[in-house]
Amino acid sequence: MSQKNSQSQLIAVASVTIVLLLGVIGWQYYKSSQQQKIIDENAMELDEISQVKAELEKEYYEALADLEELRGDNTELNAMIETQKSELKKQKNQISGLIRDRNDLAAAREEIQLLKEQAQTTLAELTQLREENEVLVANNQRLIEEKDILTDEVNKERQINDELMTVKAALVEEKEDLTKERNLLSKKVDRASVIDVTDIDVQGYKIKNNGKEVKRGSAKNVDLLKICFKANENAVADPGNEAFYVRIIDPAGTPIAVESMGSGVLMNSQGEEVRYTKTKELMYTGTDAMSCLSWQSETEMQEGVYAVEIFNKGFIAGKSTFNLK
C-alpha cells in the first residue's frame, strides 16, 4: 500500500512538472512572438522612414537641378535662384526634423508634397521671368541696332542741316532787317489809325432792390460804374467795327478785372500784356461818336482817385480820372 501511494505521488508530481514545463514553454513562445512582432514593426517603421527620407532627397535635389538649369547671365534672376535655393534648404531641414520624430512621418510627407508644389510654382515663375528677360534682351539689341542706324542718318542730316543753316542764317538776317523796317512802318500806320478818345466821364450808381439805378458819389454806396467817352473823327481810320478796351485802376494802383464779367488781357503796342476791365465795340463811321458801357462791382468800392485808360489798336487812345468819396 505504501509503495502504491509513492507511485501515485510520483505520478502527480510528474504531471504537475509537465504542466509547469508546458506553461513555461508556452510563455516563452508567446514572449518570443511578441518580440518578433515588435522587431517586425520597428523594421517596417525604419523602412518607412528610409522611404520618406528618400522622397525628401529626391524632391530636394530635383528642385535644385531645375533651378540651376535656369541660371544664366542675368544677375537679378541668378540672385532670385540663390534665394529660392536657400528657402528649399530651410524647408528640407524642417522636414528632416519631422522625420526624426517617427510620430510625424505623415506631417513630413505633407511638407514634402508642399515643397514639391512650391518648387514647381517657383520654377514656373522663374522660367517666365527668364523668357521675358530674353525677349527684353532681344528687343534691346534690336533697339541698339536701330539706334546706330538712326545715329548715322542723324549725322548725315546734321551735316546737310549745317550747310543749310549757313544759307538760312543769311536769309534770316535779311528777313529780320525787312521785318524791322516793315514793323516800323506798320507801327506808324497803326498809330495814325488809332481813334483817339476824349470827354471821358465816369459816374457811380447804387442799384436799388427794385432795380432802379440812383447816382451816388460815395464809395460805400456805389456798386455800378457807367463810363462814357467820345470816339473822335480820324480820316486815316477805315470805317467799321472798332474795339475799345477800358481799363479801370483803383486807388491802390491795381487794375480792376474779373474774367467772368468780361475782363481780359490785351497786347499793347510795346508787346506787353495789359489787363483790362471791359471792352466796348463801336461801329465807327469816320465821324465823332459817343459810346457808354457799365461795370458792376462784385466788392465794395474803395475811396480815392481812380484812373481810366482806354485802348484802341494796342495804343492808349485816351485817359482820365474820377474820385469816389
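Just so you know, all these numbers are worked out from the coordinates, no wet-lab data involved. As the structure is a prediction and not an experimental result, all values here were calculated from the model. Cβ atoms come from the backbone with ideal geometry, glycine included; neighbour counts cover every protein chain shown.
Taking Rh as the Kirkwood radius computed over C-alpha pairs, what is the Stokes-Einstein D of the stretch 195-324 at 37 °C in a medium of viscosity 0.692 mPa s, expressed in µm² per second? Numbers along the way, then the final one.
Numbers: Rh = 15.3 Å.
For the chosen part, D equals 215 µm²/s.
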Q: Scan the stretch 195-289 for GluC sites (Glu not before Pro) in coil per DSSP, keeping those whose Cβ has at most 15 other Cβ atoms within 10 Å, and list them by number.
A: Glu233, Glu272
Q. Label points 7 Å out from Cα along the Cβ direction at Glu281 and Gln128: separation in nm?
A. 6.4 nm
Q: Starting from the Cα of Asn241, step 7 Å along the direction of its Cβ; do the same at Ala169; then give the gap between the two resulting points in nm.
A: 4.7 nm
Q | Difference of contour (0.36 nm per residue) and Cα-Cα distance, Thr254 to Glu110 | A | 43.6 nm
Q. How high is the FRET efficiency from Asp201 to Glu272, r the C-beta distance, R0 41 Å, rounded to 0.05?
A. 0.90
Q.
How far apart, in nanometres, would the label points at Arg71 and Lys319 be if each is projected 7 angstrom from Cα along the Cα-to-Cβ direction?
A. 8.5 nm
Q | ³J(HN,Hα) computed for each position of the stretch 210-224 - Karplus, 6.51 cos²θ - 1.76 cosθ + 1.60, integer Hz, glycine/proline x | A | 7, x, 6, 9, 10, 5, 9, x, 8, 4, 6, 9, 9, 10, 9
Q. Which far-off residues, 5 or more places away or on another chain, put their amide H under 5 Å from the one on Ala317, with H placed in the peptide plane?
A. Ile310, Phe311, Asn312
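Which pairs, out of Lys208/Lys230; Lys53/Lys85; Lys226/Lys278; Lys220/Lys280; Lys280/Lys319, put more than 23 Å between their alpha-carbon atoms? Numbers along the way, then the final one.
Details: Lys208/Lys230 29 Å; Lys53/Lys85 19 Å; Lys226/Lys278 12 Å; Lys220/Lys280 26 Å; Lys280/Lys319 15 Å.
Where the Cα-Cα span goes over 23 Å, the pairs concerned are Lys208/Lys230; Lys220/Lys280.
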Q | Karplus (6.51, -1.76, 1.60) ³J(HN,Hα), θ = phi - 60°, over the stretch 132-144, in Hz, Gly and Pro reported as x | A | 5, 5, 5, 5, 5, 4, 5, 5, 4, 5, 5, 5, 4
Q) If contacts are Cα pairs under 8 angstrom and at least 6 residues apart, what is the relative contact order of the stretch 223-325 in percent? A) 37 percent
(Q) Please report the spacing between the Cα centers of the stretch 117-164 and the stretch 234-289 in Å, no decimals. (A) 58 Å
